[in-house]
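Okay, so here's the structure we're looking at.
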Amino acid sequence: MRNYLKYILIIFILVLTACKNDGKNKKVSVIEETSIDLQMIQAYNKGIKNLELGDAIAAAKNFNEAEILFPQSKWAPRASLMSAYSYYSQEYFANAIGELERFLVTYPGHERVSYAYYLLGICYYDQIVDEKRDLKVIEDAKKNFEKVIKDYPKSDFALDSEYKLELIEEILASKEMYLARYYIEREKWIPAINRYKKVLENYERTIFIEEALHRLVELHYKIGMIDESKKYASLLGYNYQSSKWYQESYKIFNKNYNKKIKVKKRKKKFITLEKIKSLLK
């Protein structure tokens, strides 16, 4: 009987000790979590301070540190986005794009995904300098703005994405117009026609649509395709009767019309690009 009680007592002591140790471990765990939480907030606040001071690199590192310290926290995705914004604010576009792409992979269901796509579009958009050379960044900007408009139409960024997409279409249309003029100067009529048709098919909302229609009237008349020429003239007259380009097209069917096609040479930068940059200031 004594031995039995002895064993019971030993088991009781072991259980009690285990409970005490478990309590201590819980306390240590809470302290550690609290400490990590504080470190994360401190790192985040350091990032904000460095961002305000204009030190984008230091700010981005602080935000990355905050994200790593507490990856399961609601602050982690915010810190990731702030890291991307820090790079963007000082025009470190490649770094910003890398951070944003990582955010979209790591937090695909986050409520700020629309902002990530929008900022991606802006990162590419702000790199457009010459519409004849920067086709890749133009297309990447277009793709991300279209994503915002299509998948997040009620977001805070949809309206500005639509506005910037319109400007991008102006840029792309101006590139097609430039190429068409290039072919006309070299009397390559068919390639020029194809470029103007591309403006009609893809960029009908742009400021170039009226001139493109007129040039199609002019070029088809030039190569003897009179019915095609009249078709485009009718289209131009129906939609843009008060346009100066319709008046020019009307002259083509006059007996005294000179078939020589003239296109004004433009300065290195097109009106569209200059207009866009002025709107961004």
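Every number in this text was worked out from the coordinates using simple rules, so none of it is lab data. Small disclaimer: the values here were computed from a predicted structure and weren't measured. Here Cβ is always computed from backbone atoms with ideal geometry, including for glycine, and neighbour counts include all displayed protein chains.
Where Rh is the Kirkwood radius over the Cα pairs of segment 126-253, the temperature 20 °C and the viscosity 1.002 mPa s, what D in µm²/s does Stokes-Einstein return? Roughly 135 µm²/s, to the nearest whole number. Over segment 88-151, the hull volume per residue, using the convex hull of the C-alpha atoms, is 78 Å³.
Dividing the convex hull volume of the alpha carbon atoms of segment 188-246 by its residue count gives 70 Å³ per residue.
Among the listed pairs LYS61/LYS164; LYS46/LYS74; LYS150/LYS197; LYS143/LYS231; LYS143/LYS244; LYS142/LYS222, those whose Cα-Cα separation exceeds 24 Å are LYS61/LYS164; LYS150/LYS197; LYS143/LYS231; LYS143/LYS244; LYS142/LYS222. Which residues does the label zone of ILE223 cover in segment 175-193, counting backbone N under 20 Å from a point 7 Å along Cα→Cβ? Zone members listed by number: 176-193.
Please give the contour-minus-distance gain from LYS244 to LEU159: 0.36 nm per residue of separation, less the Cα-Cα distance, rounded to one decimal in nm. Numbers along the way, then the final one.
On the way: separation 85, 0.36 × 85 = 30.60 nm, distance 3.20 nm.
Net length gain for the segment: 27.4 nm.
A full extension of the chain between SER89 and TRP189 corresponds to an added length of 31.4 nm, given 0.36 nm per residue minus the alpha carbon distance. Net charge around ALA192, counting only other residues with Cβ within less than 12 Å of its Cβ (Lys, Arg = +1; Asp, Glu = -1)? Residues close to ALA192 contribute a combined charge of +4. Cross-link partners of LYS136 among aspartates and glutamates, defined as those whose alpha carbon lies under 19 angstrom from its own and excluding same-chain residues fewer than eight positions apart: GLU91, GLU101, ASP126, GLU146, GLU166, GLU169, GLU170, GLU176. When you count the other C-beta atoms within 10 angstrom of each residue and take the mean per peptide, 204-215, 112-123, 151-162 line up highest first as 112-123, 204-215, 151-162.
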